[in-house]
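Below: one structure, written as structure tokens.
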Amino acid sequence: MAIRQITIDGDPVLRKKCRPVTEFNERLHVLIDDMWETMYKADGVGLAAPQVNVLRRIAVVDPEDGNKYELVNPVIVKSEGFQVGQEGCLSIPGFNCNVRRPYKISVEAQDRNGNRVKYDVEGFPAVVFCHEIDHLDGILFKDKRTEEEPTR
């Protein structure tokens, strides 16, 4: 495993839409392992592939709820409610703002081996999933900034 350099806001890679993963092989496993190591080294709770300069639909999420999620080709298929809270990002160090997100989501994805998985998450884990999936479409949390008061 290796620590990868985190791409910082201003780099055009963060604004590009990622391509789907089609090959589930050792190279993908190494990338995912590197993403975990990079995220933990930076004290993050989520990391998307474009944040390490890879334009593929991959994210790792550890919302500190006792679960670790590897999301390959994730799609939000359902959302309910809303919550507003402060967010930050490893690619935008030192900046935080309030963002409105769904309270509960259902996500369909694949794991590192290509197996289909579905996750139903709510609260903070839903925020982290949404934040990382946005990265895969070139969207940064600051694009969704709101003046609404926090609900969580």
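The values are calculated or read from the model by the stated rules, or taken from the named source; none is laboratory data. All of these numbers come straight from a predicted model, not from anything done at the bench. Here the Cβ is made from the backbone with ideal geometry for all residues, glycine too, and neighbour counts use every protein chain on show.
Out of curiosity, is ASP65 in contact (Cβ under 8 Å) with a residue 24 or more places away in the chain, over 11 Å from the mean Cα position of the chain (by Cα) and over 15 Å from ALA126 (Cα atoms)?
no
Which of the residues spanning segment 90-111 are buried (at least 17 other Cβ atoms within 10 Å of the Cβ) and either β-branched (Val, Ile, Thr) or touching a residue at least 60 places away in the same chain (Cβ under 8 Å) (or both)?
Answer for segment 90-111, where residues must be buried (at least 17 other Cβ atoms within 10 Å of the Cβ) and either β-branched (Val, Ile, Thr) or touching a residue at least 60 places away in the same chain (Cβ under 8 Å) (or both): LEU90, SER91, ILE92, VAL99, ILE105, VAL107, GLN110.
Can you give me the ranges of the strands (runs of 3 or more DSSP E) entirely in segment 13-111 with at least 1 residues that are of a type in the set (Val, Ile, Thr) and on the phi < 0 side of the Ramachandran plot? I'd like the intermediate steps shown before the answer.
Values: elements: 46-48, 58-61, 69-80, 83-89, 92-101, 104-110.
Once the strands (runs of 3 or more DSSP E) in segment 13-111 are filtered for at least 1 residues that are of a type in the set (Val, Ile, Thr) and on the phi < 0 side of the Ramachandran plot, what remains is 58-61, 69-80, 83-89, 92-101, 104-110.
Can you pull out the residues in segment 22-46 that are of a type in the set (A, V, I, L, M, F, W, C) and either farther than 21 Å from LEU140 by Cα or surrounded by 18 or more Cβ atoms within 10 Å (Cβ to Cβ) (or both)? Can you show your working first?
Pass one, segment 22-46, residues of a type in the set (A, V, I, L, M, F, W, C): 24, 28, 30-32, 35-36, 39, 42, 45.
Across segment 22-46, the qualifying residues are PHE24, LEU28, VAL30, LEU31, ILE32, MET35, MET39, VAL45.
Among the candidates ALA48, ALA126, which residue alone is within 24 Å of LYS16 (Cα to Cα), modelled with pLDDT of 95 or more and touching an Asp or Glu at 6+ places or on another chain (Cβ under 6 Å)?
Numbers: ALA126 fails: touching an Asp or Glu at 6+ places or on another chain (Cβ under 6 Å).
Step by step, each of ALA48, ALA126 is checked, and only ALA48 is within 24 Å of LYS16 (Cα to Cα), modelled with pLDDT of 95 or more and touching an Asp or Glu at 6+ places or on another chain (Cβ under 6 Å).
Could you count how many residues in segment 114-152 are of a type outside the set (Asp, Glu), under 15 Å from LYS68 (Cα atoms) and either over 11 Å from the mean Cα position of the chain (by Cα) or not in a helix (DSSP H, G or I) (or both)?
Residues meeting the conditions: 5.
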